[in-house]
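Q: Right, I'll just put the structure down here and ask away after.
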Amino acid sequence: MNQSVNRTPFEILARYERLSLAHASDTQDKLEAPGLWRGIGFRVGSRLLVSGIDEINELLAVPVLTPVPGTQPWLLGVANVRGNLVPVVDFARFLFGERTQHSDRTRLLVVRQGGGSVALLVDEVFGQRTVDEEQRREAGREDDPRLARFADSRVGEQQLAIFSMNRLVRAPDFRQAAA
């Protein structure tokens, strides 16, 4: 006879909690394993990029934007994100001069900068990626000059460019959004 039939609801929930906590602690050990770097993968145009998980504060669906006159064409406007006005940059247009085509996969990556945050419009976010020491040793150099100032290397089978959001938000041309 099945033992769970004789258990009280409290005993069943307590068992689920024990199993969940055991899984969570095992997962945490894997996530904090030495030599692993974790990032968020995303697509800008045809290029696949990954940025450190600590460099991206939030992922959002694209909200209503208010245009800002007298700015660079890549600054799409500002969005109200929980009561804060956040500038929204068409990332593909900034990097490659090509407009991002809006789709149901288009997302905003919210990145912290000096006095607040900035949101980067990307074609798609494809989730968390982990890079190990071996992948870093075998990494190729980024050869696209438009990306090379922000990304030193490309890793993995997909050739993900490891993109530094910190370098991006400090770049003089990125900080100068006025036309």
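Coordinate-derived values only; no laboratory data. From a predicted model like this one, the values you see are computed outputs, not experimental measurements. Please note: Cβ atoms are built from the backbone with ideal geometry, for glycine as well, and neighbour counts cover all protein chains shown.
Q: Kindly identify region 82-142 as rounded, prolate or oblate by the Cα gyration tensor criterion: order the square roots of the eigenvalues as a ≥ b ≥ c, call it rounded if a/c is under 1.5, otherwise compare a/b with b/c, prolate if a/b is larger, else oblate.
A: Cα axes put region 82-142 in the prolate bin.
Q: Students often get this wrong: which residues of region 118-139 have the backbone nitrogen under 18 Å from the point 7 angstrom along Cα-to-C-beta of Arg112?
A: 118-120
Q: Run the simple label-point estimate for Ala177 and His102 please: 7 Å along Cα→C-beta, distance reported in nm.
A: It is 1.7 nm.
Q: A follow-up question, please. Relative contact order (percent) for the chain, with alpha-carbon contacts under 8 angstrom and 6 or more residues of separation?
A: After rounding, I find 23 percent.
Q: Taking the beta-carbon count within 10 Å as an exposure proxy, list Arg18, Arg129 from fewest neighbours to most.
A: Arg18, Arg129
Q: Please order Asp90, Asp54 by the number of other Cβ within 10 Å, starting at the fewest.
A: Exposure proxy ranking, most exposed first: Asp54, Asp90.
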